[in-house]
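The values are calculated or read from the model by the stated rules, or taken from the named source; none is laboratory data. Note that the coordinates shown come from a computational prediction; the quantities given were computed from them, not determined experimentally. Note: ideal-geometry Cβ built from the backbone for every residue, glycine included; neighbour counts use all protein chains shown. In case anyone asks, the SASA skips ligands and DNA or RNA and just uses the protein heavy atoms, side chains included. Shrake-Rupley method; radii C 1.70, N 1.55, O 1.52, S 1.80 Å.
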Amino acid sequence: MTFTVLVADDEPLAREMMASLIRLDPDVGDVVACEDAAGVRAALAERLVEIAFLDVEMPEVTGIELAGTLEPETPVVVFVTAFSEYAARAFDVRAVDYVLKPFSDRRLVEALDRAKQRVLDLRRRTVDSPPPEVERAPAGRYLQRLVFKDRDESIVLRTSDIVWIEAQDYYVRIHSARGRYLLRTTLASLGERLAPAQFLRVHRGALVNIDAVRSLRARDGVRLTLSDGSDVPVSRARRRSVVTVLRPRLRKN
């Protein structure tokens, strides 16, 4: 597999140096560079990122605070900083490594290798343990409901109540009229069991319920506003097909 890696540092030279070195790894398919937390959040909303190298001291929100708002290990996080005193807090948010500046090329490569191995371990665990919580649809039919455990509660969720589904690495986050739920399955696996007439893939990491779309904005890219207030971007590759499906429906409404 190839990995998409994100690099976040508010210092342009440090950011480009790390990105350039990471691009040399043949297992890395794409490197996304960001200067602050807002850029990181936007990048994670737009694409699937397996590994993130985060500077600790960034404007407004620290890398540790940012990592604390993400689902654990989605993406796998490596912190890069000049300050050793943040190490304990970094591992509290499940960082896979903590690289102190200044560092050698070898040290950064070592951190990258450790992060890649962690991603592979997580993927292997998911493959070896298929999700028991999502019921299977009968052959030739699509799911009408999802049955799963949320903590100690059994949930029966109609697919019509789902607003949208976002990929969270080896999990999916379901946004519904009843709340948000994290399920251990992949977006591709779950998407195959949902009716294509009801759910539309708008980018690599998101499926939306067509009935939940309230508006479509085609300025500076295409974005959808959903019934729960979510703002979901549409990837460039899917814009034409998404607009073709949604515009006639929105005009009727």
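Rounded to the nearest 5, what % of the DSSP beta bridges within the chain are antiparallel ones? List each step's numbers first, then the result.
On the way: 32 of 51 bridges.
Approximately 65 percent, going by the DSSP bridge assignments.
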Dimensions of the chain along principal axes (Cα, Å, largest first)? 57, 42, 33
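Across every pair of different alpha-carbon atoms, what Kirkwood hydrodynamic radius in Å does the range 1-80 reach?
Working: mean 1/r = 0.0810 Å⁻¹.
It works out to 12.3 Å.
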Quick calc: nm separation of the 7 Å Cα→Cβ label points for residue 114 and residue 252 -> 5.5 nm
Quick query: amide H of residue 3 versus all other amide H atoms, modeled in the peptide plane; which residues come in under 5 Å with a sequence gap of 5 or more or a different chain? 28, 29, 30
Under the helix-only model (-39500 (n - 2.57) for each DSSP H run of 4 or more, divided by the residues of the chain), the mean residue ellipticity at 222 nm, to 500 deg cm²/dmol, is -9000 deg cm²/dmol
Stokes-Einstein diffusion coefficient of the range 140-206, Kirkwood radius over Cα pairs, 4 °C, 1.567 mPa s, in µm²/s: 106 µm²/s
Relative contact order for the chain, counting Cα pairs under 8 Å that sit 6 or more residues apart, in percent: 12 percent
Probe of 1.4 angstrom, ligands and nucleic acids ignored: what's the accessible area per residue over the chain, in square angstrom? 53 Å²
For the range 199-214, Karplus-derived ³J(HN,Hα) couplings (6.51, -1.76, 1.60; θ = phi - 60°; whole Hz; x for glycine and proline) come out as 10, 10, 6, 9, 7, 3, x, 8, 10, 10, 6, 4, 5, 8, 7, 9
Quick check: at a probe of 1.4 Å, how many percent of the accessible area of the chain sits on carbon and sulfur atoms? 47 percent
If all Cα-Cα distances of the range 180-253 are sorted into 5 Å bins from 0 onward, what percent lands in each bin, rounded to whole numbers? 3, 15, 27, 27, 17, 8, 3, 0
Whole Å is fine, so just give me how far the alpha carbon centre of the range 40-56 lies from that of the range 201-250. 21 Å
